[in-house]
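Trainee: The structure follows.
The values are calculated or read from the model by the stated rules, or taken from the named source; none is laboratory data. Predicted model only: the values in this text are computed from it and were never measured. So basically every Cβ, Gly included, is an ideal-geometry build from the backbone, and we count neighbours across all protein chains shown.
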């Protein structure tokens with residue numbers, strides 16, 4: 001393998017090992033201006049997209065411990081990786097796809113588990129991690145709030161009765 005290809009392969013391996021997920025998309029037919037816009041949207045989601053050569057990516061994936069590609073690398077592919085959550089990157093890709101009908105999802109990996117197109121789209125539909133945390137905190141906080149209200153109700157009713165009595169006299 002030529003030195004340039006070895007450098008590219010090492011770069012791909014570093015990206016795959018440095019990211020908890022990657023999503024492979026078919027970017028065929030995507031114009032440069034649209035790809036630039038997609039890069040901006042993915043950057044806002046904490047991810048990045050890189051056009052890769054299929055054969056080099058297959059070698060890099062094997063070196064990174066992902067060997068179940070099963071001939072899925074065909075056509076013009078790009079790989080989305082990121083440091084944050086996969087749902088934000090998948091949502092950015094799905095929204096971009098809804099506008100421009102490109103790129104097409106092929107497959108992805110999350111913590112060494114293969115994700116098919118349907119699973120990636122399901123992840124895209126999830127709310128962000130912050131929203132999920134807030135919802136969980138709200139659910140955990142609700143019983144305590146109700147308990148505090150129940151405990152305070154008799155005392156507040158008694159206070160209102162005393163106040164009404166004092167105002168009456």
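Trainee: Under the condition of being assigned to a helix (DSSP H, G or I) and touching a strand residue (DSSP E or B) at 6+ places or on another chain (Cβ under 6 Å), which residue from segment 111-121 is surrounded by the fewest Cβ atoms within 10 Å (Cβ to Cβ)? Break it down stepwise before answering.
Mentor: Kept after step one, since they are assigned to a helix (DSSP H, G or I), are these residues of segment 111-121: 117-121.
In the following step, the residues that additionally are touching a strand residue (DSSP E or B) at 6+ places or on another chain (Cβ under 6 Å) were identified as 117, 120.
Working: 117: 14, 120: 25.
Here the answer is 117.
Trainee: Determine, yes or no, whether residue 169 is without any contact (Cβ under 8 Å) to a residue 60 or more places away in the chain and under 20 Å from residue 87 (Cβ atoms).
Mentor: no
Trainee: Taking segment 17-34 as the search range and keeping residues that are out of contact with any strand residue (DSSP E or B) (no Cβ under 6 Å at 6 or more places or on another chain) and surrounded by 16 or more Cβ atoms within 10 Å (Cβ to Cβ), which one is modelled with the lowest pLDDT?
Mentor: Within segment 17-34, the subset out of contact with any strand residue (DSSP E or B) (no Cβ under 6 Å at 6 or more places or on another chain) is 17-18, 20, 28-34.
Within this subset, residues satisfying the condition of being surrounded by 16 or more Cβ atoms within 10 Å (Cβ to Cβ) are 30, 34.
On the way: 30: 83, 34: 88.
Top of the filtered list is 30.
Trainee: Also, I was wondering about something else. Please state which one of 93, 137 is modelled with pLDDT of 80 or more and touching a strand residue (DSSP E or B) at 6+ places or on another chain (Cβ under 7 Å). First the steps, then the outcome.
Mentor: Values: 137 fails: touching a strand residue (DSSP E or B) at 6+ places or on another chain (Cβ under 7 Å).
Exactly one of 93, 137 is modelled with pLDDT of 80 or more and touching a strand residue (DSSP E or B) at 6+ places or on another chain (Cβ under 7 Å), namely 93.
Trainee: If you don't mind, there's one more thing I want to ask. State yes or no: is residue 99 without any contact (Cβ under 8 Å) to a residue 60 or more places away in the chain, closer than 17 Å to residue 26 by Cβ and either part of a helix (DSSP H, G or I) or in contact with a helix residue (DSSP H, G or I) (Cβ under 8 Å, 6 or more places away or on another chain) (or both)? So that I can check it myself, show each step before the final result.
Mentor: Numbers: without any contact (Cβ under 8 Å) to a residue 60 or more places away in the chain: yes; closer than 17 Å to residue 26 by Cβ: yes; either part of a helix (DSSP H, G or I) or in contact with a helix residue (DSSP H, G or I) (Cβ under 8 Å, 6 or more places away or on another chain) (or both): yes.
Judged against the criteria, residue 99 is a match.
Table: residues versus (1) part of a loop (DSSP other than H, G, I, E, B); (2) without any contact (Cβ under 8 Å) to a residue 40 or more places away in the chain; (3) surrounded by 11 or more Cβ atoms within 10 Å (Cβ to Cβ); (4) touching a helix residue (DSSP H, G or I) at 6+ places or on another chain (Cβ under 6 Å).
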{"site": "109", "(1), (2), (3), (4)": "no, no, yes, no"}
{"site": "123", "(1), (2), (3), (4)": "no, yes, yes, yes"}
{"site": "147", "(1), (2), (3), (4)": "no, yes, no, no"}
{"site": "158", "(1), (2), (3), (4)": "no, yes, no, no"}
